[in-house]
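A short reminder: the numbers here are calculations on the coordinates, not readings from a lab. For clarity, every value in this text was computed on a predicted model and none was experimentally measured. Note: ideal-geometry Cβ built from the backbone for every residue, glycine included; neighbour counts use all protein chains shown.
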Amino acid sequence: MAEEKKVILGVGAHADDMDFMASGTIAKFIEEGYEGYYLVCTDGSRGSADPNMTHQKLSSTRKAEQIAAGAVLGLSDVFFLTHTDTQLVADNILKEEIVRYIRKLKPSIVITMDPACLYEAKFALTDTSVVNHTDHRAVGEATMDAVFPLARDRLTFPEHREEGFEEHRVSELWFVCFAKKEYIVDISTTLEKKLAAIKCHVSQVADFEEKKKRVTYTAETFGREKGFTYGESFVRLIMP
């Protein structure tokens, strides 16, 4: 039997999602020989308080920032869909697009948002309440369905075969949700890459030093669970 290709794919709603939530882990896999990819599903055209910002300018800026961050992490490529920011829906259109990239890249591991994470009335890391962004919930649900069963089944989206993309079974599906501490990855050697990637998102990070403190504190909190200096937390599903 041929050895499974070592590929990890992060599927996020916006540029910067995977960098904040999983880039230490993804950088670690890349250092261990994996090919790393991002799929960003919205145009990122809404996240700015700048009165002089336009949708088109913000979208272009965030795309460039994500490409720069990907280079820091060592990603092989970053792919962008064009769904409108804040309007992402887990429909068959989005699912088919994600399935196409899964079949194209053939990842063994897919990381995305936890679709079950709706809100936290009291969020331990900030001592405030948190509502999970609507786009995060949609991308998590759509990616989960794309991984299983859609990308696996030959008769689902058969037009992909005409493009040369055959069905593919993902080995592991990982969900990000800061409220859960189920599977902690040691990112002690890659935290600096994570921070450098986050720093690329200038349009989203008004005070990098303050953001660095919060990201580092979060990584310390997760790492402490397993005796690591720094960690990232996931729900890890081993797929049938």
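Data table
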| item | result |
| --- | --- |
| Most mobile of K95, K194, K122 in a GNM of the chain (Cα contacts under 10 Å) | K122 |
| Charge dipole (region 7-238, unit charges on Cβ, about Cα centre) - positive-most of F165, V176, T86 | V176 |
| Residue of L105, L195, L155 that the Gaussian network model of the chain assigns the largest fluctuation, springs spanning Cα pairs under 10 Å | L155 |
| Karplus (6.51, -1.76, 1.60) ³J(HN,Hα), θ = phi - 60°, over region 5-19, in Hz, Gly and Pro reported as x | 4, 8, 9, 10, 10, x, 10, x, 7, 10, 4, 4, 4, 5, 5 |
| Listed residue pairs exceeding 28 Å between alpha carbons, taken from K5/K57; K95/K212; K95/K180 | K5/K57; K95/K212 |
| Convex hull volume per residue in cubic angstrom - Cα atoms of region 23-175 | 136 Å³ |
| Distance in nm between pseudo-label sites at A121 and K63 (7 Å out along the Cβ direction from Cα) | 4.3 nm |
| Lone cysteines, the chain (no partner Cβ under 4.7 Å) | C41, C200 |
| For a label point 7 Å along the Cα-to-beta-carbon line of V130, residues of region 201-221 with backbone N under 16 Å | 211-221 |
| Cα-only radius of gyration and Dmax that characterise region 86-240, units Å | 17.5, 51 |
| Candidates T143, T84, T126: whichever shows maximal mean-square fluctuation once the chain is modelled as a Gaussian network with Cα springs under 10 Å | T126 |
| Student exercise, the chain dipole from Lys, Arg, Asp, Glu Cβ charges, in Debye to nearest 20 | 300 debye |
| Sequence-distant residues sharing a close amide H with L39 (under 5 Å, placed H) | G10, V11, G12, F79 |
